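Remarks on the structure that follows.
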Amino acid sequence: METLSSGVIGVIIGGTHPENPVVQILSMKRIPSGSQERWRLLISDGKWSSSFAMLATQLNNKVASGEISNNCIISMNRYVCNTVQENKKVLIILDLKVTKTGAEVGCKLGSPVNYDPKKSASEQQEQPAQQQYKAAAPKASPSMAATGGNVQRNPLGQHNAPANGPSVTRTPSGGSVNPIESLTPYQNRWTICARVTNKASIRTWSNSRGEGKLFSFELLDESGEIRATAFNDEVDKYYDMIEADKVYFITGASLKTANKQYNNLNNDYEMSLNRTTEITPCHEATAIPTMQFNFVSLDQLEALPKDTILDVIGVCKEVFDLSHVTMRSTGKELTKRDLSLVDTTAREVRLTLWGTQAETFDGSQQPVLAVKGVKLSEFNGRSISVLSSSCVQINPDIREAHMLKGWFDNGGNVAETINLSSRGGSQGFGSGIYKLFVEAQQSTGADKPEYFCVNGTVVMVRKDNSMYTACPKEGCNKKVVDQSNGMYRCEKCDQTYDTFQWRIMLGLCVADISDSQWITIFQDQAEQLLNTTSNELGALKETNKEDFEKIMDSVLFKNYNFKLRCKIETYNGESRWKGTAVNLSDVEPKEHSQRLITEINKLAEEA
DNA sequence: CCCCCCCC
């Protein structure tokens with residue numbers, strides 16, 4: 001009992017900041033906080049108890065490992081007590097030492113009474129016990145409390161050296177530094193001291209609401225992380241000043257709710273710089289870490305929704321060659337490189353790097369890659385793609401990386417893995433998620449095309465207008481205008497040719513067990529389907545209508561695997577589902593049955 | 001106030 005700092009909870013709530021107070025954790029509760037795990041603790045000092053304590057997320061692993069458990073006794077080596085709305089206090093434990101494990105203690109010590117901050121100190125202390133800590137410090141002044149201002153942590157001016165080395169607790173003007181974790185939109189006076197962990201380049205936008213430029217960066221301190229964005233004037237003012245890895249004092253920015261769709265940082269809020277923002281470099285030595293990852297193990301990827309932004313770590317088991325792709329929307333050429341990542345969950349996933357990062361990547365030594373902020377895609381099951389806002393670290397000097405490398409070098413490299421990026425088992429075609437049309441109709445989004453496979457039967461062929469005369473220039477494919485003089489004009493090339501080439505654009509009505517759907521099939525895939533060339537088919541169309549139709553009808557009531565690119569398109573207010581076959585194959589009965597069996601087993605498991 | 005991030 002005497003091991004606990006009796007009465008210290010009241011002292012802390014009263015505004016004092018005693019060093020290394022010792023308390024008992026009575027219980028822990030995981031609270032909903034975005035996607036991030038966050039723990040609220042019921043702590044006791046033997047005299048009082050309170051559930052105002054939260055564990056800084058970088059200590060979550062101590063819960064997972066069982067180091068922190070009910071009844072354990074901890075020394076709070078670093079902590080902050082902040083006032084949130086309505087004078088409510090929140091204690092965030094930044095660093096702690098377990099002095100006795102829960103098992104060693106085994107029970108609640110003493111008979112602590114819940115500390116009620118609404119009652120005065122004297123009301124709570126019917127029988128003032130021998131206090132190790134006197135609640136002598138003045139409370140926060142009413143004006144500070146009204147603005148959600150922070151309690152002076154050190155009224156006697158005795159700096160509490162944190163256990164982990166130096167940490168900045170004073171702003172240049174002598175005020176107190178607030179932890180990022182404590183920032184909320186309800187609070188307008190704060191200063192943080194944080195390291196820039198990721199700085200994006202300047203980007204411009206133009207939409208119906210206007211246009212402008214922006215850049216964003218990420219900030220980290222010992223309590224947490226937050227994203228910050230500068231717009232327009234603030235871009236000019238701060239872009240050159242803000243440097244990655246440097247530490248700054250920041251005050252006077254506005255806070256708003258983070259959109260989790262685009263922000264995977266461990267914070268429910270993000271900040272925008274504004275006219276009142278002040279940023280000053282911090283040159284003091286600090287214990288602020290350089291990067292905070294919230295790793296998702298690879299075996300969790302299948303359960304997460306598409307487009308989730310997340311952090312992963314894995315060993316680069318295999319590297320593929322550079323390749324070039326053309327952007328659908330702009331026709332821009334892109335360089336990419338795929339590689340496979342593995343981790344101890346015996347999963348393998350494909351990661352795509354882009355541009356310079358793809359070109360300069362060297363995977364020959366099978367490095368560990370820690371990637372912050374990658375996008376999960378559904379392609380071929382699951383794969384992940386690096387974004388411009390992502391941060392890729394190769395062989396980072398962090399515990400997880402050393403652990404993974406150790407695992408990999410001691411058998412992990414030859415361990416059997418489940419490849420998340422080759423659904424269906426085979427490489428090339430056949431891999432990819434199979435869906436029914438009804439499922440596809442539900443999952444297809446308006447803006448982004450989606451890829452999946454269907455197994456379906458051709459039930460109708462649209463023979464009319466299935467062929468057109470196209471520009472003979474390689475890669476143009478634009479329809480030409482017949483000049484009726486043996487010449488053909490391409491508007492796109494602004495040229496007139498004495499020849500053209502036939503191209504196929506065929507509408508097929510495909511039915512599966514759930515629905516039927518008209519899809520479009522172009523040139524290469526159509527030639528494959530019809531087992532002919534477009535020029536032969538075009539000639540036939542002109543000379544022998546009967547044979548032409550025979551070829552078209554030859555695919556009727558045949559079963560194929562189609563890989564489709566689909567999206568919802570809107571024409572003057574009316575939306576329609578649109579699918580294009582980007583690939584097709586005959587149905588291999590064995591493979592098809594195997595897939596059905598797998599699906600049946602899965603259904604049986606769920607039932 | 002952005003929120004694009006590509007390709008199979």
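The values are calculated or read from the model by the stated rules, or taken from the named source; none is laboratory data. Everything numeric here is computed off the predicted structure, so don't read it as measured data. So basically every Cβ, Gly included, is an ideal-geometry build from the backbone, and we count neighbours across all protein chains shown. Note: accessible area is taken over every heavy atom of the protein model, side chains too, but ligands, DNA and RNA are not part of it. Shrake-Rupley method; radii C 1.70, N 1.55, O 1.52, S 1.80 Å.
List of remarks:
- Accessible surface, per residue, of chain A when the full set of protein chains is kept, probe 1.4 Å, Å²: 51 Å²
- Of the peptides A:212-220, A:227-235, A:491-499, the order by per-residue mean of other Cβ atoms within 10 Å, starting with the highest, comes out as A:212-220, A:227-235, A:491-499.
- Apolar share of the accessible surface for chain A: 48 percent from carbon plus sulfur atoms, 1.4 Å probe.
- Peptides A:376-386, A:355-365 ranked from most to least packed, by the mean per-residue count of other Cβ atoms within 10 Å: A:376-386, A:355-365.
- Set the Cα radius of gyration of region A:298-417 against 2.2 N^0.38 Å, with N its number of residues, and you get 1.04.
- For region A:185-217 versus region A:15-77, the spacing of their alpha-carbon centroids is 32 Å.
- Along principal axes, Cα extents of chain A, largest first, whole Å: 107, 56, 49
- Percentage relative contact order, chain A, counting C-alpha pairs under 8 Å, at least six apart: 7 percent
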